[in-house]
1. Hey, can you grab everything whose amide H is under 5 Å from the amide H of Gly488? Only 5+ residues off in sequence or another chain; H modelled, so Pro and N-termini drop out.
2. Shape of region 155-260 from its Cα gyration tensor (a ≥ b ≥ c, root eigenvalues): rounded if a/c is under 1.5, otherwise prolate when a/b > b/c, or oblate?
3. Cα-based Rg (one decimal) and Dmax (whole number) for the chain, in Å?
4. Phe417: accessible area at probe 1.4 Å, nearest 10 Å²?
5. In whole percent, and with a 1.4 Å probe on the protein chains, what portion of the accessible area of the chain is carbon and sulfur?
6. Ordering Arg622, Arg605 by how much accessible area each has at a 1.4 Å probe, largest first, what is the list?
7. In whole Hz, with x marking every Gly and Pro, tabulate ³J(HN,Hα) for region 290-298 from phi via Karplus 6.51 cos²θ - 1.76 cosθ + 1.60, θ = phi - 60°.
8. Tell me which lysines have Cα within less than 29 Å of Lys689's Cα, excluding those fewer than 8 residues away on the same chain?
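The values are calculated or read from the model by the stated rules, or taken from the named source; none is laboratory data. Source: prediction; values computed, not measured. Virtual Cβ from ideal backbone geometry, glycine too; neighbours counted across all protein chains shown. Heavy atoms of the whole protein, side chains included, go into the accessibility calculation; ligands, DNA and RNA do not. Shrake-Rupley method; radii C 1.70, N 1.55, O 1.52, S 1.80 Å.
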Amino acid sequence: MLAVTVRAGDHGRRRGATSRAGNVLRKHVRRPFAAGLLALAACLCAGHARAEDGYELWLRYHPLPAAAAAAYRNQAGQLIVGKATSTQAATRSELLRGLGGLLGTPPPLSAEVTRDGAIVAGTPSSSALIASLHLDTRDLGSEGYLVRSMRVNGHAATVIAGNTDIGVLYGAFRFLRLLQIGRPAGTLDLRDTPRMQLRVLDHWDDLDRHVERGYAGQSLWNWWTLPDDLDPRYTDYARANASIGINGSVLNNVNADPLILTHRYLLKVAALAGVFRAWGIRAYLSVPFDAPVRLGGLKTADPLDPAVRGWWRDKADEIYRLIPDFGGFLVKAHSEGQSGPQDYGRTHADGANMLAAALAPHGGVVMWRAFVYANRPGEDRVKQAWDEFKPLDGKFAANVLLQVKNGPLDFQPREPFNPLFGAMPKTPLMMELQITKEYLGFATNLVYLGPLFKEALAADTMAHGKGSTVARVIEGRRDGHAPSGIAGVANTGSERDWCGSDFNQANWYAFGRLAWDPQQSARAIADDWVRMTFSNDPGFVGPVVDMMMASREAAVDYMTPLGLAHQMGAGSHYGPAPWDHSLPRADWNPTYYNRADARGIGFDRTATGSDAVAQYAPPLARCLADLACVPDAYLLWFHHVPWTYRMRSGATLWQALVEHYTRGLDAVQTMRASWRGLQGHVDAERQLKAAAFLAIQQREAQWWRDASIAYWQSLNSLPLPPGYAPPAHPLRYYESLTFPDAPGQSR
């Protein structure tokens, strides 16, 4: 971590850098002996029974307060649920586990309802009792569920029903969530179905267990010991995903090693798929487009070559013999050195459709990534995906989804939505979000991504008039597409807490909840997560949810305010480097994006510049191109303006930038103080770890603020606005910092 010091206790605008907070706690609080000491301290000082390490995630079925548990026990007097299939057994196990943990004892299993308070779970086809209720399940599809309070055999009961076992499992998790967060459970009438068919985690995991852009240890998958050793953690991973409706897992990095397609590795994949199956999760694989050459010994990977097509057809047949419910392929082609169909004079559609033909007889899909950019000097990088894919609209096979990043650049703290979402009505588009925080402070910065995800989903493309949101596009409802989907680049790893910090778990959770229903509120999701993960105490829940909801905007402020983007260090993507122009490709350098000089700053994407704004629907393009209309949040994304440009607030651009950088730092200090004030509301181990990480975040926010301001001042020679402290170090100090050992770097 950067050894930058921060002044403590100065909550105003005058910032310096004179006090230090250590991060040694992270090393020690996870050791069993230290954890025991922390648990004892918590018990003595705050009444907590034990320390916690975060392993349970949001499925933390700890005893409810006595009064709440007593009330719920009246509604959980017996359990009627089958176990004939693996998913039914998983549902039964989860209900027994959850109810037993929350209420102190599990309800007895029964074959029929004999008293008030029964819980009955099943499908009309698997349960004669459910069938006898004549429930209307026609609109629930294959994954929906209903949870209803009703009378069964003359007794008050709770019914959890669906058309399939997996729908019932999802309903069981919903019922347990209600108990966890303290909601009334005696008068229920819930019906819910997912808005998208494919809700997938993309793991950027290499076969040697390195995780690209991973900040939580090694890969979950121990390929060396598979298929024989099935770590119980694989089941807990599947449980966690099922609890939030995720139904797919791409097991390996998009920069794929063809070894994953060998029979030896397919046996390992089959073992994982076998664990996932009971929880409704299908396994997918990232595949290199040139695998027929690198693995199959062919001289070409031309998608129109009959031998190449035959190779992929045979490989798909082999996979489905081992994994009958295999989901399909994810492909990164013509991006950052990866091979693709253009190497042979073919189109993306030619390549995707070849793979789709191999998978179609088995019901598999191709997720073809639209993250492409060529080294075309003078061409704006953010335009290139639209330029390559827009002409191919309607030319992809029915089982191909075009996987498009939420923004046109690369998972930045804030980007406008990707214009492809409004431009390809004849093609199913699948949004790709990043759960791992490659550009947002890795594991140690508290940045809740629910607002970012929601912002991307709620963006109005205006492609078919007002209300044509990105969510409606990817749901397939606007243009009548099936399949539909959304993917999130996973943030899981081998660390005990799964995600590198407890608060990072919230981003995995929020992705799953919004993948199921993009209309949900990011705040409501955060509220549920805090209650399930920590406590239902309103004195704790309110302040923590407020912290979470403010955290993303704080990060934007201290990193890339007012539409700036891609201002991080090269390679590691750690820390600020707005001065960097050392990389061989222009569009890998921060200076390419900030365009800063003595006169002004920002990337002109209007008609006088790259004209990237023209890729949006005309009403939106007109606003974004107009300085009087463009939102401040995207000002420097679309416009190059003088340092003295007057903002709507009346401040100059320079004053506004300094204000935003400082406001972001202030927000982190507020978060840190808020968390410090919650001691005693949560176990000591998680309290101390979060406190240590917030200290790191404050140092890094100070670093971002000071380094950025120092560089801009070196160009514009403007004084700081009154009341703002200067950077703690000269620019040359910040320019000298390097971090070759930063985690998660690509290789």
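1. Amide H neighbours of Gly488: Val200, Leu201, Asp202, Leu433.
2. On the way: a/c = 2.70, a/b = 2.45, b/c = 1.10.
Since a/c reaches 1.5 and a/b is larger than b/c, the shape of region 155-260 is classed as prolate.
3. That works out to 26.4, 81 Å for Rg and Dmax.
4. My reading of the accessible area for Phe417 is about 30 Å².
5. Details: 14330 of 26630 Å².
Carbon plus sulfur share of accessible area: 54 percent.
6. Working: Arg622 155, Arg605 5 Å².
Descending accessible area places them as Arg622, Arg605.
7. With the stated coefficients, region 290-298 comes to 8, 4, x, 7, 6, 10, x, x, 6 Hz.
8. Excluding near neighbours in sequence, the set is Lys27, Lys437, Lys454.
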